[in-house]
1. Within region A:17-59, what residues put their amide N at less than 16 Å from the label point 7 Å along the Cα-to-Cβ vector of residue A:148?
2. Between residue B:46 and residue A:99, what is the spin-label point distance in nm, taking each point 7 Å from the Cα along the Cα→C-beta axis?
3. Starting from the Cα of residue A:106, step 7 Å along the direction of its Cβ; do the same at residue A:70; then give the gap between the two resulting points in nm.
4. Mind putting a number on the dipole of the protein assembly as shown about its Cα centre? Charges go on the C-beta only, +1 for Lys and Arg and -1 for Asp and Glu, and I need it in Debye to the nearest 20.
5. At 1.4 Å probe size, with every protein chain present, just tell me what the per residue accessible area of the protein assembly as shown comes to in Å².
6. Summarise the partner chain shielding of A:108-114 as one whole number: the mean count of Cβ atoms from other chains within 10 Å of each residue's Cβ.
7. Rounded to the nearest 10 degrees, what's the angle between the helix A:36-53 long axis and the longest principal axis of chain A, both from Cα atoms, 0 to 90?
8. What's the FRET efficiency of residue A:8 with residue B:71 using the Cβ-Cβ distance as r and R₀ = 30 Å, to the nearest 0.05?
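The values are calculated or read from the model by the stated rules, or taken from the named source; none is laboratory data. These numbers come from a predicted model, not from an experiment. Backbone-built Cβ (ideal geometry, glycine too); neighbour counts: all protein chains shown. The protein model used for the area step is the full one, side chains on, heavy atoms only, and it has no ligands, DNA or RNA in it. Shrake-Rupley method; radii C 1.70, N 1.55, O 1.52, S 1.80 Å.
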Amino acid sequence: MKMSKIVRTQSGFLYPFILIFGLYIVIHGHLTPGGGFQGGAVIATGFALVVVAYEYKDVRKWITANRLSLAEVTGLLAFIITAYLGLGSTFFRNWLANSGSIFGSRVPPGINPGNLNTGGVLPVMNLAVGLEVLGGLGVIIVYMLNYLKRGEESAG
Amino acid sequence: MRKLLIIASIAIFIAFFLYVAINPGDFGKPAGRHLVFGYPKYTDMDDYFITHGQIFSAANNIVTSIVFDFRGYDTLGEATVLFAAVMGIASVLRKLRRDEE
């Protein structure tokens, strides 16, 4: 099940960069192409690289199905709660935009270089959806690897 | 016979796409009498999003402001679909009992 030393070294070198790139995509979701779904999928790919390159029993200590499903549920709940908080006027109201507080800077209309501190609830929802997607895909990978291992054991 | 059919269908597809690539016709040009892809007849919705997106949702990325703000219900459905898929896979593949290990 364990891959060769070359693959393990390369994946140990690469996975922090993959995680940071995924985080970058999630955080800059309201400025550049990408967003929660894409960045979450990239982060889950980094976890999948580690889980596939090493044996699952080596990483079982810190990549567990419970933690990943907790991340998924937290992301979905944060998304829905952020949507409900705009219920003063309507569901999914962007109640943080142009408010002057966190993520509430004004955006000049037209072409501008972009400011990370804008977007209202969009960055919050991007983070929530990224957390949810990373948890969901990670749970799928971990369960399938568990199932594969059980099948090998029962086959002999 | 079956291989011949596959080759013939692939050849027809390639010929069709090559024809469209070489002779694009009205593709990408503004519509006169008839509708062309990229130039819809009614553009009120697009114009509204493009002109008001930066003001109302305060984000440069119009796509994100549509996905998460103007059409947030859609994203809520997508997240719920993902959650349901994960739940289905977990219910099929998880360990049923402790003593199965």
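1. A:45-59
2. 3.4
3. 4.3
4. In debye, rounded to 20, the protein assembly as shown gives about 660.
5. Working: 16370 Å² over 257 residues.
Ligands and nucleic acids excluded, the result is 64 Å² per residue.
6. 2
7. That helix lies at roughly 20 degrees to the long axis.
8. On the way: r = 44 Å, r/R0 = 1.45.
The value I calculate is 0.10.
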